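Okay, structure first, notes after.
The values are calculated or read from the model by the stated rules, or taken from the named source; none is laboratory data. Note that the coordinates shown come from a computational prediction; the quantities given were computed from them, not determined experimentally. Neighbour counts run over all protein chains shown; Cβ positions are idealised from the backbone, glycine included.
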Amino acid sequence: MKSRKTIFKIVKWFGGIFTLVILVALFFPTWTTHIEEENSISTLEQVEINGTGHEIMIRGRDRGNPVLIFVHGGPGSSEITYADSYQKDLEDKFTVVNYDQRATGKSYHFFEDYSNLTSSLLVKDLLALTDYVSNRLNQEKVILVAHSYGTYIAMQAAAKAPGKFTAYVGIGQMSDLVRSEVESWNFVLREAKEAGDQKVVESLIDQKVPIYNGDQVTPRSYVMKYGGATRQMENPDTGLFSKMWSSEYNLLDVIRYRRGISTSQEALIPGVFESPLPSVINKLEIPFYFIMGDYDYQTSSKAAKEYFDTIEAKDKTFLRFEQSAHYPHMEEKRKFQEWINSTFAQ
């Protein structure tokens, strides 16, 4: 009898400890590392933009430096938790802004109605956020940098309001989605055949028609498996719980992130198929740059170059990163940082 009571007490004690650990993990305070400079800024905060709370991280050693606004991909894939892996050295010469888009990560609100979530709304959010950042940092214009799906949003913003931006930089640039996915399908099929992976080959053959018809994307697990997402590193968007170990996210934010991914992709991906960028934007009034990894088969480098060639602009540059795939700013970050500095630093 005593042994049963002892076991019950131990179980109860461990249960209490476990509950406490979960509560601490859920609500543990979040922050961004402080920058020790007289005119620096290092803040992580929730700001109301265009009618909803947006999580914004602003970092830089001198507020007077040029401003870079990074627009993350996905849809729904916040980059706040790993932004320091590619932007830390940029903070010496730039003020760098990252934000979680509406319904993404720390900007996902459990009881908010997202039935109106569209790319057009995210474009409006980005333009409103740009105004907020410009006013706060006393900058007339900012440099707009976007990655993956973020290029779909940011390029439309640059076309709608060129006066707000110094330049547009698209990393892992989206183009004709169907054309891009066909390139991805062919890449994965070729690699799977060479690897003798018959299950993947059969799966791809079964999915050929919907992919060629623009009804679905090539499975990202296959693209990642054969190096079409990353070459030099692990994919930063697959380590879900690694986000919780960053100072910017806690367990509750990870839950928000998972909910936001589902909500955002369900709402936004169909629109990218229905209105691919080449049908929406064929001219930019500001300098623009596409930065593409040669091995990128999440957003095909070849398809991006074909799109690039059709865009009318006075100043445009296509930059190839020969050792990387979908994350050239991370896989070849030194090259990326040197290019940003030489192109935009004061």
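Some notes on this structure:
- Hey, residue 133 within 22 Å of residue 65 (Cβ to Cβ) and either in contact with a strand residue (DSSP E or B) (Cβ under 6 Å, 6 or more places away or on another chain) or modelled with pLDDT of 95 or more (or both) or not: yes
- Residue 154 meets all of the listed conditions (1) at pLDDT 95 or above; (2) over 22 Å from the mean Cα position of the chain (by Cα) but one, namely (2).
- The stretch 74-98 - residue that is of a type in the set (S, T, N, Q) and closer than 18 Å to residue 46 by Cβ and, of those, nearest to the chain's Cα centre (by Cα): 78
- Of the residues making up the stretch 271-294, none is in contact (Cβ under 8 Å) with a residue 12 or more places away in the chain, of a type in the set (S, T, N, Q) and touching a Leu at 6+ places or on another chain (Cβ under 9 Å).
- Against the conditions (1) over 21 Å from residue 110 (Cβ atoms); (2) surrounded by fewer than 17 Cβ atoms within 10 Å (Cβ to Cβ), residue 255 satisfies every one except (1).
- Some residue of the stretch 108-121 being in contact with a His (Cβ under 6 Å, 6 or more places away or on another chain), under 24 Å from residue 272 (Cα atoms) and in contact (Cβ under 8 Å) with a residue 60 or more places away in the chain: no
- Here the condition is being surrounded by 14 or more Cβ atoms within 10 Å (Cβ to Cβ) and either modelled with pLDDT under 90 or in contact with a Ser or Thr (Cβ under 8 Å, 6 or more places away or on another chain) (or both); of 28, 14, 18, it holds for 28 alone.
To keep it simple, each residue is scored yes or no on (1) loosely packed, with under 15 Cβ neighbours inside 10 Å; (2) closer than 28 Å to residue 103 by Cβ.
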residue: 276; (1), (2): no, yes
residue: 287; (1), (2): no, no
residue: 292; (1), (2): no, yes
residue: 301; (1), (2): no, no
residue: 304; (1), (2): no, yes
residue: 307; (1), (2): no, yes
residue: 312; (1), (2): yes, no
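- Looking across the stretch 256-304, the residues that are of a type in the set (Gly, Ala, Ser) and farther than 24 Å from residue 324 by Cβ come down to 260, 262, 264, 267, 271, 275, 279.
- Test: residue 80 is farther than 22 Å from residue 345 by Cα, touching a Lys or Arg at 6+ places or on another chain (Cβ under 9 Å), assigned by TED's automatic domain parsing to the domain that holds residue 328 and of a type outside the set (Lys, Arg): yes
- Residue in the stretch 212-224 that is of a type in the set (Asp, Glu), modelled with pLDDT under 95, on the phi < 0 side of the Ramachandran plot and not assigned by TED's automatic domain parsing to the domain that holds residue 300 present: yes
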